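Chemist: Pasting a structure below so you can have a look.
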Amino acid sequence: MPNTETVRRQRAIGGALGVAVLAFALFYHFFPQALHVHPTQNTARTPLRGQPSVMGFDQRPQAAPQAVASEIDAGPPIMLAPASVIAARHREKSADIVLPAQKTPDSPELAALLDRGDKALAADRLVGGRDSASALYAAALKQKADSQRALAGMDEVRGRLAAGIEQDIALGDAEAAREGLGALKSLPSSSAMAAPLQQKLAVLDKVRPLLGKAAAQLQDGKASQPRGDSALDTYREVLTLDPENAVAEQGIITVQRNVLDKALAAVAQNDFPGADAALAEAATIAPESQALQDTRGRIEGMRRQSATAMLAQARSALDAGDLTLAEQLATKAQQVSPDLAGIDDFNERLTNARLYASYKPGQVFADRFLDTNGQAPAMVVVPTGKFTMGSPDGEAGHDANESPAHEVQIAKGFAMARSTVTIGQFRDFVRASGYVPQSQSLGGGSVYDEQSGGLRDDASVTWQDDYAGKPGQDRLPVINVSWNDARAYAEWLSQRTGKKYRLPSEAEFEYALRAGSTSRFWWGDGTPSSRVENLTGGNDRSGSGRRWSNAFNGYRDGYWGPAPVMSFTPNPFGLYDMGGNVSEWVADCWHDNYIRAPRTGEAWVNPGCGRRVIRGGSWGSAPDMVRSAYRQGATADLRNARVGFRVVREL
């Protein structure tokens, strides 16, 4: 039978450091008043059940039942406490021990023997010699089998031995546990205690080599991979054998931390897919661990920070005009953080930059001149889209030159002047450029003749006059300008602003005129219910009381002749006077129909063509000539009191 002093020395080799670290914690736990700490609950302890209070190993004051402390499970880990403390805890958690009634008091000689046993117990000399507590209590029981002190003392010895064995098993010290188990088995009535400890020791014998294997796998970098030969697999095998094995539980935590470290390392390299994969793997190891939640939070913060920085770089690239790089950076930022704040606004900016040169559909702007004071006409950004150009055969007023109706895609945004060019704007062009309009170089144009009610040629009229041949106001649309004059004005704007100005294509004009509508006119199919355009109204009258012979019945706009630009309602695209006031030159050559016409917004031009297209209705057009699909052709040098123009600016 081993001496308890030898056993204690063996345990001290492996446990001295842990006991030293825990000494203060235990002292604080059991004697907080000595450190001037006052717990909120009474810290008095209950006496050992079934044990006389006079025994030397428990001389603490008795506590009333209602004052018993409720901190049995409080304090440091119980398996790292001394064996006497562990044994006391087990007794407190177990049922009361019922000792046989003692028939006669202990003799003085027996009491002296029991006092020696109590001293040996207090000195932790449990087994191993004639002066050990177990030997002395056994001798007392031989003299008096019903001695309660002897029975309680022997029970305490068994309890302390069992507690020490449990402690050895918990710490993985199989040799010490086996030695203690042999000592326990040598005591009477110990089989009930020894049997479960024997089973635990057998499990320890199985798991010890597995724990060593797991430690080696960790050392070799096989924390969680490869599957089937990793520390994680081995620790799980240990827990299958011993579900409460603390070393394996801690090992699994270590493995998870190893995987979480890989996730953080991946983030440091901006490898967020790798980090996500590592987090997913860590979640399969211990899904509810605090370490996993903390690391997820850290990575999410790093993810947002990285994505925000990339989005800022994308904005800088967009501002610099590098749309390809801006899109690449924004795409990567969204991959890193799908719900990144500001990504929707950026994507809208990118779309606008690609389609509208960073403007927005419906936005109004005016380019300033580069070399002098002044600015180009106010422009409105027209959105991209598609529409059916031309008119169906069944539409009232349909003409064969409007066929075949065909779909046109406006894939690139453009800006169109909000109104036709005015006399004042055209005058600025003539003065600054020295250009001689064809109404002056070729002589004349046309004017309205009140006596006949129609237009007549007039060799003296110029672009500076109104429809009646009188000096025109600056806000009136310029008329009696040829296609050549209109193109010259657009080229001058390009030179002055550094931007590309031109006449609109026929497809662009009809698309902008319709503004999303499919009806005969942009406002509907019949007479407008409000003053939308300067049209031939049935209720309009000339200065001498003339009426239109073919007009919109019941309509009155108050003008006979052109009105100052923007006097009426804009269409849904924000453009004024598209269907009335004056008809307008566009860039295309005249074609008798739309066979082989472009399906895009580009102008349909043949080199050297002499006839150009005029679109939109005017103040003197019959209702059928105001339809959105209506078109007519004229020579490029035509000057007419019903025809003006507006410009387009490429984006």
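The values are calculated or read from the model by the stated rules, or taken from the named source; none is laboratory data. Owing to the predicted nature of the structure, the values given are computational and were not obtained by experimental measurement. Positions of Cβ are backbone-derived with ideal geometry, glycine not excepted, and every protein chain shown enters the neighbour counts.
Chemist: Please specify each residue of region 528-569 satisfying the condition of being surrounded by 14 or more Cβ atoms within 10 Å (Cβ to Cβ) and in contact with a Gly (Cβ under 6 Å, 6 or more places away or on another chain).
Modeler: Matches in region 528-569: 533, 534, 535, 538, 546, 551, 552, 555, 556, 557.
Chemist: Additional query: What do you reckon, is residue 430 in contact with a strand residue (DSSP E or B) (Cβ under 7 Å, 6 or more places away or on another chain) and farther than 24 Å from residue 568 by Cβ?
Modeler: Values: in contact with a strand residue (DSSP E or B) (Cβ under 7 Å, 6 or more places away or on another chain): no; farther than 24 Å from residue 568 by Cβ: yes.
Here the answer is no, as residue 430 does not meet what is asked.
Chemist: Scan 413, 434, 394 and give me the residue that is over 17 Å from residue 476 (Cβ atoms), assigned by TED's automatic domain parsing to the domain that holds residue 522 and touching a helix residue (DSSP H, G or I) at 6+ places or on another chain (Cβ under 6 Å). Please lay out each step first, then the result.
Modeler: On the way: 434 fails: touching a helix residue (DSSP H, G or I) at 6+ places or on another chain (Cβ under 6 Å); 394 fails: touching a helix residue (DSSP H, G or I) at 6+ places or on another chain (Cβ under 6 Å).
Being over 17 Å from residue 476 (Cβ atoms), assigned by TED's automatic domain parsing to the domain that holds residue 522 and touching a helix residue (DSSP H, G or I) at 6+ places or on another chain (Cβ under 6 Å) holds for just one of 413, 434, 394, which is 413.
Chemist: Looking only at region 454-482, count every residue that is of a type outside the set (A, V, I, L, M) and surrounded by 15 or more Cβ atoms within 10 Å (Cβ to Cβ) and tell me the total.
Modeler: Our first condition is that a residue be of a type outside the set (A, V, I, L, M); within region 454-482, this holds for 454, 456-458, 460, 462-467, 469-475, 477, 480, 482.
Still in the running and surrounded by 15 or more Cβ atoms within 10 Å (Cβ to Cβ): 458, 462-467, 469, 472, 475, 477, 480, 482.
Selection size over region 454-482: 13.
Chemist: Something else about it: Would you confirm whether or not region 353-373 contains a residue that is among the acidic types (Asp, Glu) and over 13 Å from the mean Cα position of the chain (by Cα)? Walk me through how you get there before you give the answer.
Modeler: Of region 353-373, the ones among the acidic types (Asp, Glu) are 367, 371.
When the remaining residues are screened for being over 13 Å from the mean Cα position of the chain (by Cα), the result is 367, 371.
Checking region 353-373: at least one residue is among the acidic types (Asp, Glu) and over 13 Å from the mean Cα position of the chain (by Cα).
Chemist: Considering only region 112-133, state which residues are of a type in the set (A, V, I, L, M, F, W, C), closer than 15 Å to residue 152 by Cβ and touching a helix residue (DSSP H, G or I) at 6+ places or on another chain (Cβ under 8 Å).
Modeler: Our first condition is that a residue be of a type in the set (A, V, I, L, M, F, W, C); within region 112-133, this holds for 112-114, 120-123, 126-127, 133.
This time we only want the ones that are closer than 15 Å to residue 152 by Cβ, so: 113-114, 120-122, 126, 133.
Residues satisfying the conditions are 113, 114, 120, 121, 126, 133.
Chemist: Out of region 379-409, which residues are exposed (fewer than 15 other Cβ atoms within 10 Å of the Cβ) and in a loop (DSSP other than H, G, I, E, B)?
Modeler: Selection gives 392, 393, 394, 396, 404.
Chemist: Of all residues in region 182-202 being among the hydroxyl-bearing types (Ser, Thr, Tyr) and in contact (Cβ under 8 Å) with a residue 12 or more places away in the chain, which is surrounded by the most Cβ atoms within 10 Å (Cβ to Cβ)? Give the steps one after another, and end with the answer.
Modeler: So the first thing to find is which residues in region 182-202 are among the hydroxyl-bearing types (Ser, Thr, Tyr), and the list is 186, 189-191.
Restricting the remaining residues to those that are in contact (Cβ under 8 Å) with a residue 12 or more places away in the chain gives 186, 189-190.
On the way: 186: 14, 189: 10, 190: 19.
Applying the filter and picking the extreme gives 190.
Chemist: Please go through region 464-488 and pick out each residue that is in contact with a Lys or Arg (Cβ under 6 Å, 6 or more places away or on another chain) and of a type in the set (A, V, I, L, M, F, W, C).
Modeler: To start, the set of residues in region 464-488 that are in contact with a Lys or Arg (Cβ under 6 Å, 6 or more places away or on another chain) comprises 480, 482-483.
Across region 464-488, the qualifying residue is only 483.
Chemist: Another one. Would you be able to tell me the number of residues in region 585-620 that are free of Cβ contacts under 8 Å to residues at least 60 places away in the same chain, under 15 Å from residue 632 (Cβ atoms) and β-branched (Val, Ile, Thr)?
Modeler: Adding up the residues that qualify gives 1.
Chemist: Among the residues of region 510-524, is any in contact with a Phe, Trp or Tyr (Cβ under 8 Å, 6 or more places away or on another chain), buried (at least 22 other Cβ atoms within 10 Å of the Cβ), assigned to a loop (DSSP other than H, G, I, E, B) and at negative phi?
Modeler: no
Chemist: Please go through region 616-651 and give me each residue that is touching a helix residue (DSSP H, G or I) at 6+ places or on another chain (Cβ under 6 Å) and surrounded by fewer than 22 Cβ atoms within 10 Å (Cβ to Cβ), ordered by number.
Modeler: Matches in region 616-651: 636, 637, 651.
Chemist: As an exercise: evaluate residue 393 against (1) under 21 Å from residue 513 (Cβ atoms); (2) modelled with pLDDT of 95 or more and give the number of the one condition it does not meet.
Modeler: (2)
Chemist: Take the residues in region 435-453 that are modelled with pLDDT of 95 or more and assigned to a helix (DSSP H, G or I); name whichever of them is surrounded by the fewest Cβ atoms within 10 Å (Cβ to Cβ).
Modeler: The extreme case among them is 441.
Chemist: If you scan region 327-378, which residues turn out to be among the aliphatic types (A, V, I, L, M), in a loop (DSSP other than H, G, I, E, B) and in contact with a Leu (Cβ under 8 Å, 6 or more places away or on another chain)? Step through it out loud before you land on a result.
Modeler: The first filter runs over region 327-378 and keeps only residues among the aliphatic types (A, V, I, L, M), leaving 329-330, 333, 336, 340-341, 343, 350, 353, 355, 357, 364, 366, 370, 376, 378.
Add one more test, that the residue is in a loop (DSSP other than H, G, I, E, B), and what stays is 340-341, 357, 366, 370, 376, 378.
340, 357, 376, listed by residue number.
Chemist: To continue, here is another question. Do we have any residue at all in region 602-612 that's crowded, with 23+ Cβ neighbours inside 10 Å and in the same structural domain as residue 552 (by TED's automatic domain parsing)? Show your work before the answer.
Modeler: Here is the first cut: in region 602-612, the residues crowded, with 23+ Cβ neighbours inside 10 Å are 612.
Filter once more, so that each one left must be in the same structural domain as residue 552 (by TED's automatic domain parsing): 612.
Checked region 602-612: at least one residue is crowded, with 23+ Cβ neighbours inside 10 Å and in the same structural domain as residue 552 (by TED's automatic domain parsing).
Chemist: In region 414-434, which residues are surrounded by fewer than 17 Cβ atoms within 10 Å (Cβ to Cβ) and part of a loop (DSSP other than H, G, I, E, B)?
Modeler: Residue satisfying the conditions is 434 alone.
To keep it simple, each residue is scored yes or no on (1) in contact with a Leu (Cβ under 8 Å, 6 or more places away or on another chain); (2) more than 26 Å from residue 376 (Cβ to Cβ).
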{"position": "610", "(1), (2)": "no, yes"}
{"position": "613", "(1), (2)": "no, no"}
{"position": "617", "(1), (2)": "yes, no"}
{"position": "621", "(1), (2)": "yes, yes"}
{"position": "644", "(1), (2)": "no, no"}
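Chemist: Ok, one more. Which residues, taken from region 292-303, are within 11 Å of residue 272 (Cα to Cα) and out of contact with any helix residue (DSSP H, G or I) (no Cβ under 8 Å at 6 or more places or on another chain)?
Modeler: If we filter region 292-303 for residues that are within 11 Å of residue 272 (Cα to Cα), which is where we start, we get 299-300, 302-303.
Residue satisfying the conditions is 300 alone.
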